[in-house]
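The structure appears below as structure tokens.
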Amino acid sequence: MARRRRIAEHAAMAISSVLYATGALLEAWLAAMLLVCWRRLRTTGAQWPGLLAAGFACNAVRCSLLASGTGNVTLEHAASIFTSVFAVVTIALLTAALTDYAGLRRKTARRINRVTAVLLVLLIASVALHVVTRGQAMLLANVFFAGWILLFTHALVREPRSGHGFVVFALFAFPVGSIAAIMGWLPFALLATIELVPITAIGLTVLTTGLLRAHRLAQGERAVAVQALAEREQAQSALRAANESLEHRVSLRTQELRETIEGLESFTRSVSHDLRGPLGGMAGLARLARDELSDGNVDAADRLLAALSTQADSSVRLVAALLALARAGDAEPRATRFALAPLVSEAVASLGEAARPAAVSIDIGPLPDVVADRELLRQVFVNLIGNACKFAAKAMRPHVEIGRVATSAGDAFYVRDNGIGFEPEDAAQLFKPFQRLHGKDFEGVGVGLSIVRRIVSHHGGQVWAEGTPGAGATFWFTLGHEAQAAA
């Protein structure tokens, strides 16, 4: 009987030694993997990877000592103080690591570590004084396993589907095994090796979940970096657009200022010639009419007053043209979408018999919808069509054509006549204020085309003219990208 017992003890010791040796290799591997993955795991800013690696390394040394016969592998005798120190240090390191891993508040984690330290000091003192056997010390370890179960339950709530439920299940193996050993349902000698199951499960799960955390954090950082880069590119794009818009506005204002200066110079000449002359003539006619009335010559006075009225009307038209030019320079387009063909018909109808002789035929071609300021664009067509009618009136069959041509840069609108035309080299002078190529033969003050140019420029477009002496002229303009996009 005693022989069988000795054989059973030797067999249990051999099995326990093999299992401890296997556990030592597995936990040493876990400690090495934690160190290899140190940088990735440290991206979370946590301390648990180092504490856990130290705990597994410490337990690997303890398992190696037990496998080699240092300290007993059965549980009936007093525990070895040497292996017990490694066990206490392992429990302390694992508890500190798991409180950090579970994401407890710093104050709570500090309290748990203090309680753990007190319990471990009492445990190591009991082992040193041989108050408890190794088996009893193993049973006392259930206190820490219960604490680890609570920690992983907390982690399971925070991170479901991360393997924490498996660890909770594995951790219950040791308390259940302890109860089974106490009740006699399990050989007490196997209890020592059951501890390797939950500890290994902790290592594998925490390593895997830690790497997943680090991966998610890296993805989040990359997403933030990508978003920041996109926002920076968007800001740069907006800044470039603002700069381009600013440059366009500066260019437009510079052009307007240049035109204003040229207009002022022309206006000075116009005032000294076109306005001062009529005003002086009006004063002279008024004196003559007064003298005739004093002499009782009513018919002569009436003729003089008619001439005075004509010169006054001319001066009023000049002043009105100056005001219209100033308003065109200050106008800010209020863009809306509308059909262009009805607007052109309105412009033609508004000309009246004086600006559009009955002999002039007007042909309006197909026109698209546009996005522009309706009233300002109406003024553009009134000026262009009025000019075309005026210069085509002396042709044998006066004709004016309004239409649109689609180009690679967008729609270009035109007003064409078969009038007297002009020299190609004079095209640039047409749009300057108070410049009149045919001033002696046709009425006008020379600001209509300047108004057209300012309105078109405010819409972001361009205006130009083509002509041949005796073969008519064509005035073209565009309205910028927004208006073209609506076509």
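The values are calculated or read from the model by the stated rules, or taken from the named source; none is laboratory data. Keep in mind the model is a prediction, meaning the values are calculated, not measured. Note that each Cβ is placed from the backbone with ideal geometry, even for glycine, and that neighbours are counted across all protein chains shown.
Checking the structure you have, find out if any residue of the range 132-141 is in a helix (DSSP H, G or I) and either at pLDDT 75 or above or closer than 14 Å to Pro198 by Cβ (or both).
At the first step, the residues of the range 132-141 found to be in a helix (DSSP H, G or I) are 134-140.
After this cut, where a residue has to be either at pLDDT 75 or above or closer than 14 Å to Pro198 by Cβ (or both) as well, the list is 138, 140.
Yes, some residue in the range 132-141 is in a helix (DSSP H, G or I) and either at pLDDT 75 or above or closer than 14 Å to Pro198 by Cβ (or both).
Among the listed residues Val400, Val405, identify the single one that is at pLDDT 85 or above, part of a strand (DSSP E or B), among the β-branched types (Val, Ile, Thr) and over 46 Å from the mean Cα position of the chain (by Cα). Don't jump to the end; show me each part of the working.
On the way: Val405 fails: over 46 Å from the mean Cα position of the chain (by Cα).
Step by step, each of Val400, Val405 is checked, and only Val400 is at pLDDT 85 or above, part of a strand (DSSP E or B), among the β-branched types (Val, Ile, Thr) and over 46 Å from the mean Cα position of the chain (by Cα).
Would you confirm whether or not the range 367-380 contains a residue that is crowded, with 17+ Cβ neighbours inside 10 Å, at pLDDT 85 or above and closer than 20 Å to Gly467 by Cα?
yes
Let's see how each residue does on (1) charged (D, E, K, R); (2) modelled with pLDDT of 70 or more; (3) assigned to a helix (DSSP H, G or I); (4) over 30 Å from Gly163 (Cβ atoms):
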position: Val206; (1), (2), (3), (4): no, yes, yes, no
position: Arg213; (1), (2), (3), (4): yes, no, yes, no
position: Gln219; (1), (2), (3), (4): no, yes, yes, no
position: Val226; (1), (2), (3), (4): no, yes, yes, no
position: Gln234; (1), (2), (3), (4): no, yes, yes, yes
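Looking at Pro398, is it surrounded by fewer than 18 Cβ atoms within 10 Å (Cβ to Cβ) and in the same structural domain as Phe477 (by TED's automatic domain parsing)? Walk me through how you get there before you give the answer.
Working: surrounded by fewer than 18 Cβ atoms within 10 Å (Cβ to Cβ): no; in the same structural domain as Phe477 (by TED's automatic domain parsing): yes.
No; evaluated as a whole, the condition is false for this residue.
Looking at the range 320-342, which of the residues that are in contact with a strand residue (DSSP E or B) (Cβ under 9 Å, 6 or more places away or on another chain) and surrounded by 14 or more Cβ atoms within 10 Å (Cβ to Cβ) is modelled with the lowest pLDDT?
That would be Pro333.
I'd like the full set of residues that are over 18 Å from Ala347 (Cβ atoms) and modelled with pLDDT under 85, limited to the range 385-397. Reasoning before the result, please.
Going through the range 385-397, the residues over 18 Å from Ala347 (Cβ atoms) turn out to be 394-397.
Hits for the range 385-397 are Lys394, Ala395, Met396.
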